[in-house]
Amino acid sequence: MLRVTKSGGQIAFATWPPELANGRMSEAMAKYIPYCSDARGPSQHHLPSPMLWGSPEVIQERLGNSVQKIHYEPEAVNNPVLNTNPWWKMSSTKSGSLVQAIQMLKDP
């Protein structure tokens, strides 16, 4: 990102902080999806959680001294549901990492 950003330019992130619901769900699923896989097959490398991009400290560490200022503006996304069944049905069939975790639990 820094390589393709003009000098004095801005980079914006929209992330899920690790301490909130999606971050916690990701942490729970990581216990059941221990390996990252690609076209070459499973990998033994344990990669850092993408949810860490939701932490200002991690962003500063990763971008280093090339960045002059980080502005963090936490917001909340409310998804009110009257019943969790429709939410679960949608999430468990459409959310790739959740689908993979469920499959791993079914076929250990």
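Please specify each residue of the range 22-58 satisfying the condition of being at pLDDT 70 or above, part of a loop (DSSP other than H, G, I, E, B) and surrounded by 10 or more Cβ atoms within 10 Å (Cβ to Cβ).
The initial filter retains those residues of the range 22-58 that are at pLDDT 70 or above, namely 22-31, 33, 47-58.
After this cut, where a residue has to be part of a loop (DSSP other than H, G, I, E, B) as well, the list is 31, 33, 47-49, 55.
Listed by number, the residues that qualify are Ile33, Ser49, Ser55.
In the range 1-28, what residues are among the polar types (S, T, N, Q) and under 18 Å from the mean Cα position of the chain (by Cα)? So that I can check it myself, show each step before the final result.
Narrowing the range 1-28 to residues among the polar types (S, T, N, Q): 5, 7, 10, 15, 22, 26.
Scanning the range 1-28 gives Thr15, Asn22, Ser26.
Hey, can you tell me all the residues within the range 84-93 that are modelled with pLDDT of 85 or more and either assigned to a loop (DSSP other than H, G, I, E, B) or surrounded by 10 or more Cβ atoms within 10 Å (Cβ to Cβ) (or both)?
Correct list: Pro86, Trp88, Lys89, Met90, Ser91, Ser92, Thr93.
Suppose the filter is closer than 16 Å to Gly23 by Cα and either in contact with a Lys or Arg (Cβ under 7 Å, 6 or more places away or on another chain) or assigned to a helix (DSSP H, G or I) (or both); does Ala101 pass it? Talk me through it step by step, then tell me what you get.
Numbers: closer than 16 Å to Gly23 by Cα: yes; either in contact with a Lys or Arg (Cβ under 7 Å, 6 or more places away or on another chain) or assigned to a helix (DSSP H, G or I) (or both): yes.
Criteria met by Ala101.
Within the range 12-21, can one find any residue that is polar (S, T, N, Q) and either at pLDDT below 85 or not in a loop (DSSP other than H, G, I, E, B) (or both)? Give the steps one after another, and end with the answer.
Pass one, the range 12-21, residues polar (S, T, N, Q): 15.
Now drop any that are not either at pLDDT below 85 or not in a loop (DSSP other than H, G, I, E, B) (or both), which leaves none.
No, the range 12-21 contains no residue that is polar (S, T, N, Q) and either at pLDDT below 85 or not in a loop (DSSP other than H, G, I, E, B) (or both).
The values are calculated or read from the model by the stated rules, or taken from the named source; none is laboratory data. Quick caveat, the model's predicted, so the values are computed rather than measured. A quick note on method: Cβ atoms are made from the backbone with ideal geometry, for glycine too, and the neighbour counts reach across all protein chains shown.
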